[in-house]
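Structure provided below as C-alpha cells; questions to follow.
Where a number appears in this text, it was derived from the coordinates with a stated rule and is not lab data. This is a predicted model, so every value here is computed, not measured. Note that we place each Cβ from the backbone using ideal geometry, even for glycine, and neighbour counts take in every protein chain shown.
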Amino acid sequence: MNRAMQFGLAILVCAAKASAADTAGIPDAGRQQELIDLLRQDCGACHGLYLTGGLGPALRPQDLHGKPAESLSEVILRGRPGTPMPGWQAFITAGEAGWMVERLLKGLPDDR
Ligand code: HEC
C-alpha cells in the first residue's frame, strides 16, 4: 500500500469520527498536524522534504511570493493537468487547502 492510499484510509477514519466538525473553517490542532505531515511527506516526495524542490518546484515562502493564494489552492485541489502534480481534493477540503497555502507562504516551522 503506498502513502497516498494509507493517507486516504486515515482520512476515511478521521472523516467518520469528525463528520459533524466544520471542515470548511480553520482545521483543528490535530488536523493541522496531519496537514503539516502531509506537506512534509506526501508533497515532500515531489517538492523535497524541506520543500526546496525536486520533481516539483520549490514551495518555500520566497518561491511562492507574489503568487495569488487562490490559484495556489486551486493547483493543490485540482492538480495541474498534463504535469505530475496530482489533485488532492479527495483528501482535503478547500478550507484545508487554503490553510496549507497560508502555511506555505509563512514557511513551515522548521524550514531551512
Ligand atoms: C507526484 C509529484 C507531486 C506531488 C506528490 C505533489 N506535487 Fe505539487 N507539483 C508537482 C509538479 C511537477 C508541479 C509543477 C507543475 C507545472 O509544471 O506547472 C507542482 C506544482 C505545485 C504547485 C504550484 C507551484 C507554483 O509555483 O505555481 C503547488 C502550490 C503545489 N504543487 C503544491 C503541492 C502540495 C501542497 C502537494 C501535497 C498536497 C503537492 N504539490 C504534491 C508535483 C507534485
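Sorting check: for 56-62, 95-101, 27-33, 81-87, which peptide has the highest mean count of neighbouring beta carbons within 10 Å, and how do the rest follow? Mind dumping the intermediate values first?
Working: 56-62: 16.3, 95-101: 20.9, 27-33: 13.6, 81-87: 11.6.
Peptide ranking by packing, descending: 95-101, 56-62, 27-33, 81-87.
Could you give each residue of the stretch 26-31 its phi-based ³J(HN,Hα) in whole Hz, using Karplus coefficients 6.51, -1.76, 1.60 with θ = phi - 60°, and x for Gly or Pro?
With the stated coefficients, the stretch 26-31 comes to 5, x, 6, 4, x, 5 Hz.
Provide the per-residue ³J(HN,Hα) series for the stretch 49-61, in order, calculated from phi with Karplus coefficients 6.51, -1.76, 1.60 and θ = phi - 60°, each as a whole number of Hz, with x at glycine and proline positions.
For the stretch 49-61, the Karplus curve yields 4, 9, 6, 8, x, x, 4, x, x, 4, 10, 7, x Hz.
I would also like to ask the following. Viscosity 1.306 mPa s, temperature 10 °C: give me the Stokes-Einstein translational D for the stretch 60-108 in µm²/s, with Rh taken as the Kirkwood radius over C-alpha pairs. Working shown, then result.
Working: Rh = 11.0 Å.
Translational diffusion coefficient: 145 µm²/s.
May I ask for log10 I(q)/I(0) of the stretch 24-106 at q = 0.14, 0.20, 0.21, 0.27 Å⁻¹, from a Debye sum over the Cα atoms as equal point scatterers with solvent left out?
For the requested q values the scattering log ratios are -0.42, -0.91, -1.01, -1.68.
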